[in-house]
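Structure, as structure tokens:
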Amino acid sequence: MEVLQTRQQLKTWRSKVHGSVGFVPTMGALHEGHLALVRQSLNENPWTLISIFVNPRQFGPTEDYHRYPRNLEADLRLLENLGASAVFAPPVEEIYSPEDEIHISLTRMSRLWCGNYRRGHFDGVALVLAKFFHLVHPTRAYFGEKDFQQVRLVEKMVEELFFPIQIVRVPTVRESDGLAMSSRNTYLSPRGRAQAIALYKTLQYIQTLIPTHLNVEELLREGRSYLTERFPEVQLEYLAIVDEYSLELIEHLHQSAHPRALIAAHVEGVRLIDNMPLRVGD
Ligand code: PAF
């Protein structure tokens, strides 16, 4: 496995490989969720490149950029064992310069849900991915559905900026009790970890109500009461049921062919997100 740190090294590696290239962008602190993306890419492409880069542009001034878990050596060992072809782990100066003028500004979809609480976050994600897509020229890029809004925005960006890249969605990988895997789970104490299951449990609870409730406002009201009664230490940020394509809130489940519940909450000050496609009978 080659470890590349500069754009020039990446360019040289890219010019040597032929056939499809799968790209898995990450911020490191790898867990099973990331490894599922890498495994899928390895199955579908002769070459798989993983980027490890904690992107400063997608963190707000009060967010955890400096504290974000970094463990390059352990990450490289995991990727080497899986059989990855190459890792791109550049220093910040290789990607950004203080003289940079270009900023990507997304509109409607990026201001909904997480974007409403993390101003500028998705613009930063789009900027780094646009740079990486140009440098890597992947055939396919792999994203976890845990960050569902991110996946939809990346799909939009690729479509609108004509990147010839197939975006592959990979289902969320969960711990045995259902908690969605996330690098931020490592911030939680054992007590917080026990409360963090609230997000998944609330989504599941909403699903169980669907045979008798199709009105979204009612479902959300029930979901919120379930969460506050059973998990009093969890601060809900938002709970929504949206059309999976537009990410807009719906009023009735039959209004969308693909309704999805989205949730964000804070546990011990750690921001966690999750989502679930909702199954609706006839
Ligand atoms: O999902 C992430 O880890 C990041 O947002 C990504 C896609 C690697 C861009 O920095």
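Note on segment 49-78: residues that are in contact with a His (Cβ under 9 Å, 6 or more places away or on another chain), farther than 17 Å from Gln8 by Cα and either of a type in the set (A, V, I, L, M) or exposed (fewer than 12 other Cβ atoms within 10 Å of the Cβ) (or both) amount to 1. For segment 138-155, a residue qualifies if it is in contact with a helix residue (DSSP H, G or I) (Cβ under 8 Å, 6 or more places away or on another chain), in contact (Cβ under 8 Å) with a residue 24 or more places away in the chain and assigned to a helix (DSSP H, G or I), and the qualifying residues are Glu145, Lys146, Gln149, Gln150, Arg152, Leu153, Val154. The condition (being away from the ligand (no atom under 15 Å from the Cβ) and under 27 Å from Arg174 (Cα atoms)) is satisfied by just one residue among Leu42, Leu37, Leu49: Leu42. Here the condition is being of a type in the set (A, V, I, L, M), touching a strand residue (DSSP E or B) at 6+ places or on another chain (Cβ under 7 Å) and touching a residue at least 12 places away in the same chain (Cβ under 8 Å); of Leu78, Leu35, Leu42, it holds for Leu42 alone. Considering (1) more than 15 Å from the ligand (Cβ to nearest atom); (2) under 17 Å from the mean Cα position of the chain (by Cα); (3) of a type in the set (S, T, N, Q), the lone condition that Thr12 does not fulfil carries the number (2). The single condition from (1) within 14 Å of the ligand (Cβ to nearest atom); (2) over 23 Å from Glu145 (Cβ atoms) that Gln58 fails is (2).
Could you pull out every one of the helices (runs of 4 or more DSSP H) wholly within segment 86-137 that has 3 or more residues that are within 11 Å of the ligand (Cβ to nearest atom)? Lay out the reasoning, then the answer.
Working: elements: 92-95, 108-111, 113-117, 121-136.
Of the helices (runs of 4 or more DSSP H) lying wholly inside segment 86-137, those with at least 3 residues that are within 11 Å of the ligand (Cβ to nearest atom) span 121-136.
Residues of segment 159-173 being outside any strand (DSSP E or B) and in contact with an Asp or Glu (Cβ under 8 Å, 6 or more places away or on another chain), which ones?
Going through segment 159-173, the residues outside any strand (DSSP E or B) turn out to be 159-165, 171-173.
The answer is Pro171, Thr172, Val173.
Taken over segment 228-245, the criterion of being within 14 Å of Ile206 (Cβ to Cβ) and in a strand (DSSP E or B) is satisfied by Leu236, Tyr238, Leu239, Ala240, Ile241, Val242. Of the residues that make up segment 145-153, is at least one closer than 16 Å to Tyr245 by Cα, within 11 Å of the ligand (Cβ to nearest atom) and among the basic types (Lys, Arg)? Yes: segment 145-153 contains one or more residues that are closer than 16 Å to Tyr245 by Cα, within 11 Å of the ligand (Cβ to nearest atom) and among the basic types (Lys, Arg). Residue count for segment 198-209 satisfying the condition of being surrounded by fewer than 18 Cβ atoms within 10 Å (Cβ to Cβ) and either free of Cβ contacts under 8 Å to residues at least 12 places away in the same chain or within 18 Å of the chain's Cα centre (by Cα) (or both): 1.
Read the figures in this text as sums done on the coordinates, not as results from a lab. All values derive from a computational prediction rather than experimental measurement. So basically every Cβ, Gly included, is an ideal-geometry build from the backbone, and we count neighbours across all protein chains shown.
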